[in-house]
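Undergrad: Have a look at the structure that comes next, please.
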Amino acid sequence: MMRISTTIFLFFISFLCGAQTVIVADAMFDSKTATLKSQPRIVIEESKISTITFGGAIPDGTLVDLSGHTIMPGFIDMHTHLTSSHTEHGYRRLASSTARSALRGVKHARQTVLAGVTSVRNLGASGFTDVALRDAINDGDFIGPRMFVSGPSLGITGGHCDNNLLSYDFKAISEGVADGPWEAAKAVRRNIKYGADVIKICATGGVLSKGTKVGVQQYSLIEMQRIVEEAHRRDLTVAAHAHGTQGIYEAIKAGVDSIEHASFIDEQGIKLAKEKGTYLSMDIYVTEFILNEGKAAGILEESLAKERKTGSLQRDNFRKAVQSGVNMVMGTDSGVYPHGHNLKQLSRMVKFGMTPAIAIQTATYNGAKLLRKEDQIGQLRPGAYADIVAVQGNPLSDISLLENIDFVMKNGEVLKQNGKVL
Ligand code: ARG
């Protein structure tokens, strides 16, 4: 009797071991402490990490041998537009229907996850195409990153989040336009109703919108306060597009959770962000695409002129922000530039003041904290999703290695190995 039960027990154990995957590598980046640890052995059961040990015996299970590699948590891009294409700017954008944009998102989602970005916060999509994309990926219809989505961005009439390309005759108004505190609060409720995970607002003018002044505030303090109150009550965070100094200041004062772009942030803005715990998401790579390739992609001349006054200042202010120790995440505005190039921003983050370790921590753990999901993503720890990426060599000595991630696992499933898509 004893023997039979032992046999059954052993059978059960080997069955369990068979169901688990073991990754071994030379080093693992611990995103919480921003340090490397040697000889990791990560055991994965289904979609999650069950144990992590360092050195010693290799646990039983299907072995994924990443010798020579450094493994890291999957990256998190906190500002993407998966349903937008870098080939369609300015008036060209008017030619795509909502459905066409959604279908394009399928391709972009694939490019993004295969580049090692296993989670994104998608900030602004018309027709709730981002909700559809998120749900289809979660249902396993096709591969893509975990998506945390906003639906249409909220903004004032004629502001950066409105469509100002057409004359009055067309009566074109973007879906996210909401003026006044109550209308804005109602738009928050509407976005939540249709599936938003986060609220995106336009606090100031922008570069790529027609007729807006990039440094000038748009939503008033009282409107933003109402939006934040409504979103926070419903347990959602608020991301504010804000380039201009005063708009940044008032958005932080209103209680938004992140400032997107933050181009003209000054010392007072940085100080207030530190006091309030607000995150800065500064897209310092995209300026290169806009200035070098934007014209051919249809970006308006007035936008190119605005970018010339914005990009370099934003980079100087990025350096100041890094030095100040304010909370920062990696947001890139992908969709303005080609999807899948997201991690090019890391080398710029290093060039403008971060150590490679802090840049990787910013693009993993910090993003997860702003998403309030740091137990599940952005960290390799027991209980977290097995979203794991790897490169050969040590990215702390050469950050540009991360522009060619050769191993991607999401949710315990290997999507790419030795640079080959599975
Ligand atoms: N979507 C942003 C806007 O139109 C892009 C800004 C890009 N420029 C930059 N320097 N980050 O305002």
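Undergrad: Who wins for biggest fluctuation among Tyr168, Tyr385, Tyr365 in a Gaussian network model of the chain, springs between alpha carbons below 10 Å?
TA: Tyr168
Undergrad: Quick one: pull the percent of accessible area on the stretch 214-351 belonging to carbon and sulfur, 1.4 Å probe, ligands and nucleic acids left out. The partial results should precede the final answer.
TA: Values: 2460 of 5080 Å².
It is 48 percent, rounded to a whole number.
Undergrad: Okay, moving on. Rounded to the nearest 10 degrees, what's the angle between the helix 98-114 long axis and the longest principal axis of the chain, both from Cα atoms, 0 to 90?
TA: For helix 98-114, the angle is close to 40 degrees.
Undergrad: Per residue, how much accessible surface does the stretch 120-200 expose to a 1.4 Å probe? Answer in Å², no decimals.
TA: Values: 3410 Å² over 81 residues.
Ligands and nucleic acids excluded, the figure is 42 Å² per residue.
Undergrad: For a quick check: with amide H placed at 1.01 Å from N, whose amide H comes under 5 Å from Lys48's, ignoring anything fewer than 5 positions away on the same chain?
TA: Under 5 Å from the amide H of Lys48: Ala386.
Undergrad: If R₀ is 51 angstrom, what is the calculated FRET efficiency for the pair Lys276 and Asp60, using the beta carbon separation as r and rounding to 0.05? Provide the component values of the computation, followed by the final result.
TA: Numbers: r = 49 Å, r/R0 = 0.95.
Result of the calculation: an efficiency of 0.55.
Undergrad: If you take all C-alpha pairs in the chain, what percent of them are over 26 Å apart?
TA: Values: 47478 of 88831 pairs.
For the chain, the fraction of Cα-Cα distances above 26 Å is 53 percent.
Undergrad: Same structure again: Return the sequence-ordered ³J(HN,Hα) values of the stretch 188-200 in whole Hz as given by the Karplus equation 6.51 cos²θ - 1.76 cosθ + 1.60 applied to θ = phi - 60°, using x for Gly and Pro.
TA: Couplings: 4, 4, 5, 4, 5, 3, 9, x, 5, 9, 8, 9, 10 Hz.
Undergrad: Right, another one. On full extension of the chain, what length is gained from Tyr91 through Tyr168, given 0.36 nm per residue of separation minus the C-alpha to C-alpha distance? Provide the component values of the computation, followed by the final result.
TA: On the way: separation 77, 0.36 × 77 = 27.72 nm, distance 1.56 nm.
Length difference between fully extended and current span is 26.2 nm.
Undergrad: Let me ask something else about it. Would you be so kind as to identify which of Thr21, Ala321, Pro356 lies farthest towards the positive end of the dipole of the chain, taking Lys and Arg as +1 and Asp and Glu as -1 on Cβ and the Cα centre as origin?
TA: Ala321
Undergrad: Pick out which of Ile156, Ile199, Ile173 has the largest mean-square fluctuation in a Gaussian network model of the chain, springs linking Cα atoms closer than 10 Å.
TA: Of Ile156, Ile199, Ile173, the Gaussian network model singles out Ile173 as fluctuating most.
Undergrad: Quick check for you: which residues of the stretch 32-55 have the amide N under 20 Å from the point 7 Å beyond the Cα of Ile358 toward its beta carbon?
TA: 32-37
Undergrad: Taking amide H positions as placed in the peptide plane 1.01 Å from N, state which residues far from Asn164 in sequence (5 or more) or on other chains have amide H under 5 Å from it.
TA: Correct list: Lys210.
Undergrad: Only Cα pairs under 8 Å and at least 6 apart count here; give the relative contact order of the chain as a rounded whole percent. Walk me through the numbers on the way to the answer.
TA: On the way: 998 pairs, mean separation 80.0, N = 422.
It rounds to 19 percent for the chain.
Undergrad: Can you give the Rg/Rh ratio of the stretch 110-199, where Rg is from the C-alpha atoms and Rh is the Kirkwood radius? Can you show the working numbers first?
TA: Details: Rg = 15.0 Å, Rh = 14.2 Å.
So for the stretch 110-199, dividing Rg by the Kirkwood Rh gives 1.06.
Undergrad: Something else now. Run the dipole for the stretch 309-382 about the Cα centre, Lys and Arg Cβ at +1, Asp and Glu Cβ at -1, nothing else charged, and hand back the magnitude in debye, nearest 20.
TA: Working: 11 positive and 4 negative charges, 35 e Å.
Its charge dipole is roughly 160 debye.
The values are calculated or read from the model by the stated rules, or taken from the named source; none is laboratory data. This is a predicted model, so every value here is computed, not measured. Heads up, the Cβs are rebuilt from the backbone with ideal geometry, glycines too, and the neighbour counts pull from every protein chain shown. With ligands, DNA and RNA removed, areas are computed over all heavy atoms of the protein, side chains included. Shrake-Rupley method; radii C 1.70, N 1.55, O 1.52, S 1.80 Å.
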